[in-house]
1. If you take the beta carbon distance between residue 72 and residue 94 as r and set R0 to 25 Å, what does 1/(1 + (r/R0)^6) give as a FRET efficiency, to the nearest 0.05?
2. Can you tell me the order of 62-69, 22-29 when each peptide is scored by its average per-residue count of other Cβ atoms within 10 angstrom, highest first?
3. Along the Cα→Cβ direction, 7 angstrom out, place labels at residue 23 and residue 11. What is the inter-label distance in nm?
4. Take the alpha carbon gyration tensor of region 1-118, find the square roots of its eigenvalues, order them as a ≥ b ≥ c, and report rounded if a/c is under 1.5; if not, report prolate when a/b exceeds b/c, else oblate.
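No lab work stands behind these numbers, since they all come straight from the coordinates. Being a predicted model, the structure only gives us computed values, none of them experimental. Because the Cβ atoms are built from the backbone with ideal geometry, glycine has one as well, and the counts that use them run over all protein chains shown.
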């Protein structure tokens, strides 16, 4: 079967969101909750016109495909979800993109320079080096190798985020190259 011409295809948008919950969520439970919230808010006809699809959901970050005319409706239905599979949860929209690639690059952080499994849980950068004590999502606690009196002499750990290490993001405290 031939595919439709680009002019005849429906335009799509990708909503990137973060789900905060008390326990880890399953993607099938989240997809079911999104479908039921959509039907309860907009009915069968409204749900059929906005063909939602959960593209991916990993580590609390998800990508949801919707029609370009239904972005506000999609944001509204994500805001109404308060529990997924009996687990209390809140879903926050990070942004909307026209492609999966640009949405992933803009809104989903990558821990590119750190890895809990490799190199014995260490970070080696120009200004900071040390052992990873604890990592949860984007937050990382580091026990620095050098303890200088000027850098918080009474602190045990140095708290960083993946944005601080990777740089290149609007919320990053460091330069474009990281720390």
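1. Step by step, r from the Cβ atoms, then E = 0.95.
2. Packing order, densest peptide first, comes out as 62-69, 22-29.
3. Using points 7 Å along Cα→Cβ, the separation is 4.2 nm.
4. Here region 1-118 falls in the oblate category.
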